[in-house]
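A short write-up of the structure that comes next.
The values are calculated or read from the model by the stated rules, or taken from the named source; none is laboratory data. Small disclaimer: the values here were computed from a predicted structure and weren't measured. So basically every Cβ, Gly included, is an ideal-geometry build from the backbone, and we count neighbours across all protein chains shown.
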Amino acid sequence: MKRRQIEISALIVFTSVLSFALGQNFNKSTNSIDQALDRIVTAGALDKSALERAAIEGMLRATGDRWSSYYDSNETNEESQNLSGRYSGVGIWLRAGIGGGSEISSLKKGSVAKQAGLKVGDVIILVDGADLSSASVNEAAAALRGDAGTVLKLSVLRKGIEKKYELMREEFQSKDVSADQVKKDIFYLRIDAFSENLVEDVKLELGQGNYQRGLILDLRDNPGGILSVATDFAALFLSKGAIVSYDMANGDRKTIQVDSPASINVPVAILINQNTASAAEVVAGALQARNRAVLVGANSFGKGSVQESLTLANGSSIEITVGRLRTPLGKFIDGKGIKPDLAASEAQSLPKAIELIKGLSDILKPADQKSFPKSTVQSSRNHG
């Protein structure tokens, strides 16, 4: 499905939202906002675009939701490139820090950031000399990007200690999946993020591997991605029924389900850790709840909210939390995460998963590896 785009001005979006919430009193408030906006612009204190951004970000902060975000037109375009796997940067994914600012949520395999020794959880404090210790994720991400070949000076905070790096930005146009034949009939897939072409890339990798005995899916340090891509991926392993549901603010519940038989029926082990988040938690939670996978590792991050993206008339966009995710068993993910079936350290996770697959394959039938169904998504495309 294509990303939902709603062409509407920022003022109309938030006028409608606040009008609904505040009723008749909002008209007076709106007039005050208009008067203040006109006076500040006339005085030359700030340009209108800067004021609009400040107003929108202020309203999003007022929701109390750390995941709701505003992107200007350039950031919107860059975010679209990120989700398609094409961008220039250093290979870092960011998330909102618990104490404010932005921290690293994932590092792209083989990237300059990964090779330099940056770690998940590092807090961004300086980029090219600019203080970003309290910057939003969008602001920090924009500062990290730039033309391929340019040098980025980056300072991060790790366990209270400042670490400094000089990194060369590079062009990324690579897949978010990698594979390895860990045993002659056990296949390993590493999923870095659920970006646009992930499912097709996975199918190509599966076509070149032998997974007659079983599959290992590595979702460690996976920050999420596009919810509909994650559900299409989960549908490869699930027969008819629910993949995930989410509760809307108005009390309604929406369900995403698969309507076709599973195409892959071999034993599956999924590796998770404390940085497995969002759409990746949807996959892990669905396959665990439907008894299609054994989870190995540590409790996941616990980002169980659904963001809906709206493109505004000026090319900017907002992502607003519209629901809270539940597993097929009805358990909330947000703030709790997914608990593994078998606890294991990072070093132990893969060896334990291989032993699990060996044991499970002795009692289960081999897979039909030929067809690949897609899920039926009963909602608009969302990001997780």
Elements of type strands (runs of 3 or more DSSP E) in the range 19-106, at least 2 residues being at pLDDT 75 or above, crowded, with 20+ Cβ neighbours inside 10 Å and not assigned by TED's automatic domain parsing to the domain that holds GLY121: 69-71
Test: residue in the range 227-242 that is of a type in the set (Asp, Glu), modelled with pLDDT of 95 or more and either in a helix (DSSP H, G or I) or buried (at least 24 other Cβ atoms within 10 Å of the Cβ) (or both): yes
Residue in the range 289-300 that is modelled with pLDDT of 95 or more, part of a strand (DSSP E or B) and at positive phi present: yes
The one condition in (1) at pLDDT 95 or above; (2) under 24 Å from the mean Cα position of the chain (by Cα); (3) assigned by TED's automatic domain parsing to the domain that holds ILE56 that GLU196 fails to fulfil: (1)
